[in-house]
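Please read the structure below before turning to the comments.
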Amino acid sequence: MRRAVRTGHGVLIETYGNEENEPKIAGKLQGKGNVAILYCLQSSITMNAHAKLFPELVFPLLDEEAVMYDLQSRAQGLTDLNKVSGGSTAFHKCACQVLMWKSNEVTLEINKDLGDLGMVLVDAKGAPSKITMLKPSEPNKGLGYNMAVDANQMIEYESWTGKIEHMCIAAETSRLGYTEAKQMLEQRLLPQSKYGLRLSQFTQTQCQRMEGRV
């Protein structure tokens, strides 16, 4: 089977596929064996192009309007680069978060008074979409982990305690024996916790409370 590559400029004439004496490319569409390599290659080129088009900027004075104009320009630029490569941005899955600091005459603190700054991006067909605005303390859940840009982990902690309570109540009402309970702990609870807990920075007290619930 030969495959052609489609970009924002059309479908390429050249094709690629299994070559003689080369490993087979199994699967179809997203299940192809070469998807991961192509995705990393495309993402790397896209981000390098974005960095060259939009170099780092430093604002000497706090200017919310200038900051938001720059953020929207950068976001639209990334959307346009995805379009050129043949991809598209799912705006309904996007969110905007701004971590802005303000002085209280003693130290710097996070500005929590920012409202909806009204970021609007345009897709390949020219249709505008308003991007959801999240506060710095609101987590953006990705891959099962609640990450907030201001390092707030209370929502992640509350989520974990809820999961543990639910699983423990289910185990208690099921009247599991020692072997079944040990199996549930090792095959369900511990595997689910490895990824999130490695990213978290819970205090010793919080960890002891979760352990006590188990």
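The values are calculated or read from the model by the stated rules, or taken from the named source; none is laboratory data. Keep in mind that what you see is a predicted model, and the values were worked out from it rather than measured. When we count neighbours, we look across all protein chains shown, and the Cβ atoms used for this are built from the backbone with ideal geometry, even at glycine. Quick note on the areas: whole protein, heavy atoms, side chains included, nothing else; ligands and nucleic acids left out. Shrake-Rupley method; radii C 1.70, N 1.55, O 1.52, S 1.80 Å.
Report the net charge of residues surrounding Glu165, where surrounding means a beta-carbon distance below 12 angstrom and charges are Lys +1, Arg +1, Asp -1, Glu -1.
Residues close to Glu165 contribute a combined charge of +1.
Could you list which residues have their amide H under 5 Å from that of Thr7, counting only those 5 or more apart in sequence or on another chain, with H placed in the peptide plane?
Distant-sequence amide H within range of Thr7: Leu12.
How large is ³J(HN,Hα) for each residue in the range 110-118, as worked out from phi by the Karplus curve 6.51 cos²θ - 1.76 cosθ + 1.60 (θ = phi - 60°), to whole Hz, x for Gly and Pro?
5, 7, 9, 9, 5, x, 6, 7, x
How much area per residue is accessible in the range 42-137 when the probe is 1.4 Å and only protein heavy atoms are counted (Å²)?
Per residue, the range 42-137 has 68 Å² of solvent-accessible surface.
If I take every Cα pair under 8 Å that is 6 or more residues apart in the range 63-128, average their sequence separation and divide by the length, what percent do I get for the relative contact order?
Taking the mean separation of contacting Cα pairs over the length of the range 63-128, I get 36 percent.
Dividing the convex hull volume of the Cα atoms of the range 134-214 by its residue count, what figure in Å³ per residue is obtained?
Cα convex hull per residue, to the nearest whole number: 91 Å³.
Compute the relative contact order of the range 46-168 as a whole-number percentage, counting only Cα pairs closer than 8 Å that sit 6 or more residues apart in sequence. Walk me through the intermediate numbers first.
Values: 118 pairs, mean separation 22.9, N = 123.
About 19 percent, as a whole number.
Of the heavy-atom accessible surface of the range 60-135 (probe 1.4 angstrom), what whole percent is carbon and sulfur? Don't jump to the answer; show the numbers that get you there.
On the way: 2740 of 4990 Å².
Carbon plus sulfur share of accessible area: 55 percent.
Once you keep just the Cα pairs under 8 angstrom separated by 6 or more residues, what percentage relative contact order results for the chain?
13 percent.
Limiting things to C-alpha atoms, what are the Rg and the maximum Cα-Cα separation (Dmax) for the chain, in angstroms?
Looking at the chain, its Cα Rg and Dmax stand at 23.7, 70 Å.
Please name which of Tyr195, Met210, Ala4 has its Cα lying farthest along the dipole of the chain towards the positive end, using unit charges on Cβ (Lys, Arg +1; Asp, Glu -1) and the Cα centre as origin.
Ala4
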